[in-house]
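What follows is a short report on a single structure.
The values are calculated or read from the model by the stated rules, or taken from the named source; none is laboratory data. Fair warning: this is a prediction, and the values are worked out from it, not measured in the lab. FYI the Cβ positions are ideal-geometry reconstructions off the backbone, even for glycines, and counts take in every protein chain you see. SASA here: full protein model, heavy atoms, side chains in, ligands and nucleic acids out. Shrake-Rupley method; radii C 1.70, N 1.55, O 1.52, S 1.80 Å.
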Amino acid sequence: LETGMKKMIGTQREVTAQRKDGSTFPCKLGLSETKESGLICGFIHDLTTEKAAEAELLAKTRLTEKIINASFDAMFVINERGVIEMVNAASEKVFGWSHDEFIGQNIKMIMPMSRAVNHDSYLKKYMESGVKKMIGTEREVEARRVDGSTFPCILGMSEVDNGDSRQFVGFVKDITDQKKKLHLAESERDASDALLYNILPEHIANRLKEDPSHIADLYGNTTILFADIVGFTDRTSLMSPQELVVMLNDI
């Protein structure tokens, strides 16, 4: 009143008001001045309901983020142009880029160059035609880490329609360990087969591989010994079946 400078007059701001019983509540306060009388009028809008709704929405958003970040698999959300809008914590661990380095970049950053060069055209073609090839499916592909190294993964894609825009959610499961275990199992199977064919006649070995339960019925005069002998494979790999039988008889 003394200076005539208006700070709150003609504006609105959020403040805390107090009721008769001493309880407080959030509200929006607006002040205006009447020119004729010089009176100042105040308008108070109770924001309790709005603030409760905001708090509930925030809690749900944080819960959703925690659920997404609890996933062991990498997850990406991209827009219609292939720009990354959201990632989870597993994406940082799997690929090596930070959250901030992901956001705003094209999703092709995680693809080998052989696939990255065509990705934008694939996405554009889908947006124009609506023909789904990868959307709603899973397939094995190669992915690229921040250091340029690649690894096998299972990629699953789904589409989210937000009305005026569309987003795509991708889930990337690193299967490097599974591939290593599969390769090891195949190597052990090949080694086992090689040993089997080394110690048995081929027709008997073939029959044993096809149906081990009937081998004794068909070859009554054949004895098969399964034993765990240190260095057995290395020692017998170059032996003929006859030499092996002699060695086993000596044992």
Check: Within region 125-144, which residues are among the basic types (Lys, Arg) and surrounded by 14 or more Cβ atoms within 10 Å (Cβ to Cβ)?
Finding: ARG144
Next item on the list: Could you list, in sequence order, all residues of region 154-200 that are small (Gly, Ala, Ser) and open to solvent by 40 Å² or more (accessible area, probe 1.4 Å)?
Entry: SER158, GLY163, SER165, ALA185, SER187, ALA191, SER192, ALA194
Note to self: Taking the criterion of being open to solvent by 60 Å² or more (accessible area, probe 1.4 Å) and within 20 Å of the chain's Cα centre (by Cα), would at least one residue in region 111-124 satisfy it?
What the structure shows: yes
Check: If ALA70 satisfies every condition in (1) free of Cβ contacts under 8 Å to residues at least 40 places away in the same chain; (2) in contact with an Asp or Glu (Cβ under 9 Å, 6 or more places away or on another chain) but one, which is the exception?
Finding: (2)
Notebook entry, point to check: Do we find that ASP100 is under 14 Å from the mean Cα position of the chain (by Cα), at negative phi and either without any contact (Cβ under 8 Å) to a residue 40 or more places away in the chain or open to solvent by less than 70 Å² (accessible area, probe 1.4 Å) (or both) in this structure?
Noted result: no
Check: How many residues are touching a residue at least 60 places away in the same chain (Cβ under 8 Å) and of a type in the set (Gly, Ala, Ser) if we restrict to region 154-210?
Finding: 2
Next item on the list: Out of the residues in region 229-247 that are small (Gly, Ala, Ser) and open to solvent by less than 60 Å² (accessible area, probe 1.4 Å), state the one that is modelled with the lowest pLDDT.
Entry: GLY231
Next item on the list: Filter region 43-69 for residues that are farther than 30 Å from MET86 by Cα and open to solvent by less than 50 Å² (accessible area, probe 1.4 Å) and give the result.
Entry: LEU47
Note to self: Suppose we filter SER91, SER121, SER71, SER98 for residues that are under 25 Å from ASP174 (Cα atoms), modelled with pLDDT under 90 and not hydrophobic (A, V, I, L, M, F, W, C); which single one remains?
What the structure shows: SER71
Next item on the list: Have a look at ILE110, ILE103 and point out the one that is under 23 Å from GLN178 (Cα atoms) and either at pLDDT 80 or above or among the polar types (S, T, N, Q) (or both).
Entry: ILE110
Notebook entry, point to check: What number of residues within region 201-228 satisfy the criterion of being surrounded by 12 or more Cβ atoms within 10 Å (Cβ to Cβ), assigned to a loop (DSSP other than H, G, I, E, B) and at pLDDT 65 or above?
Noted result: 1
